[in-house]
């Protein structure tokens, strides 16, 4: 049986931003892997509040839709809580015995990665591919491949940009276009257009 090298790229994707997309595009374009499986976390291991899994899954699908060789997987919803990287890897190994798994991460999380549940086993089963990120203290002088952008910063910008919409208010293309036109150039440069359209359509991340 021939094997294929697949990167597991997990995260909250709350929301997905250009840093996520660039990481996947880089891994594929330089041949680090043949395919990438994007896996939104079902429930954050540290209990952080997230918008619904379905919203994050849909945003991820829109963010990565244009990239060949990329699949967005709902596997962690099927596995249920608590979301554990090792359990996801084990499930993928069972379902796809022809896959050689790698774990794709940015250097900004390397200070936390060894705190993960059973990290040594994760490392054995899916050796990490670590991409240097601007602003990270853990890149050891390497040329940064990823911009310094975080979902936290994006959410803060969205809270100021997306007006709160009552449940009884209709959405619609005109309303979405009007909201997008009012977004700051900074925000528009950090989040894929298709994701911003979805956020505006559903009123996600609006200040309460």
### Task
Check region 20-41 and report whether any residue there is in contact (Cβ under 8 Å) with a residue 24 or more places away in the chain, over 22 Å from residue 122 (Cβ atoms) and part of a loop (DSSP other than H, G, I, E, B).
no
### Task
Run residue 95 past the list (1) at pLDDT 90 or above; (2) over 27 Å from residue 73 (Cβ atoms) and report the number of the one that doesn't hold.
(2)
### Query
Among (1) surrounded by fewer than 15 Cβ atoms within 10 Å (Cβ to Cβ); (2) over 13 Å from the mean Cα position of the chain (by Cα), where does residue 28 come up short?
(1)
### Task
Could you please give the count of residues in region 98-136 that are in a strand (DSSP E or B) and modelled with pLDDT of 85 or more?
12
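I'm trying to understand the selection: among the residues of region 1-19, which are in a loop (DSSP other than H, G, I, E, B) and closer than 18 Å to residue 196 by Cβ? Reasoning before the result, please.
Of region 1-19, the ones in a loop (DSSP other than H, G, I, E, B) are 1-3, 12-17.
12, 13, 14, 15, 16, 17, listed by residue number.
Do we have residue 155 as modelled with pLDDT of 90 or more, assigned to a helix (DSSP H, G or I) and exposed (fewer than 12 other Cβ atoms within 10 Å of the Cβ) here? Outline the logic, then answer.
On the way: modelled with pLDDT of 90 or more: yes; assigned to a helix (DSSP H, G or I): yes; exposed (fewer than 12 other Cβ atoms within 10 Å of the Cβ): no.
Against the criterion (modelled with pLDDT of 90 or more, assigned to a helix (DSSP H, G or I) and exposed (fewer than 12 other Cβ atoms within 10 Å of the Cβ)), residue 155 does not qualify.
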### Query
What do you reckon, is residue 47 surrounded by fewer than 20 Cβ atoms within 10 Å (Cβ to Cβ), at pLDDT below 95 and at positive phi?
yes
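Could you check region 66-83 and list, in sequence order, the residues that are out of contact with any helix residue (DSSP H, G or I) (no Cβ under 7 Å at 6 or more places or on another chain) and surrounded by fewer than 17 Cβ atoms within 10 Å (Cβ to Cβ)?
As a first pass, look at region 66-83 and keep what is out of contact with any helix residue (DSSP H, G or I) (no Cβ under 7 Å at 6 or more places or on another chain): 66, 68, 71, 73, 78, 80-82.
Selection gives 66, 68, 71, 78, 80, 81, 82.
Does residue 139 count as over 23 Å from residue 66 (Cα atoms) and either modelled with pLDDT under 85 or within 22 Å of the chain's Cα centre (by Cα) (or both)? Working first, answer last.
Values: over 23 Å from residue 66 (Cα atoms): yes; either modelled with pLDDT under 85 or within 22 Å of the chain's Cα centre (by Cα) (or both): yes.
Yes; evaluated as a whole, the condition is true for this residue.
Could you tell me whether region 187-200 includes any residue that is assigned to a loop (DSSP other than H, G, I, E, B), surrounded by fewer than 18 Cβ atoms within 10 Å (Cβ to Cβ) and at pLDDT below 90? Give the steps one after another, and end with the answer.
Going residue by residue through region 187-200, those that are assigned to a loop (DSSP other than H, G, I, E, B) are 191-192.
Still in the running and surrounded by fewer than 18 Cβ atoms within 10 Å (Cβ to Cβ): none.
No, region 187-200 contains no residue that is assigned to a loop (DSSP other than H, G, I, E, B), surrounded by fewer than 18 Cβ atoms within 10 Å (Cβ to Cβ) and at pLDDT below 90.
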### Summary
Exactly one of 68, 82 is outside any helix (DSSP H, G or I) and modelled with pLDDT under 95, and that one is 82
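The values are calculated or read from the model by the stated rules, or taken from the named source; none is laboratory data. All of these numbers come straight from a predicted model, not from anything done at the bench. Counting neighbours? That spans all protein chains shown, and the Cβs are built from the backbone with ideal geometry, glycine included.
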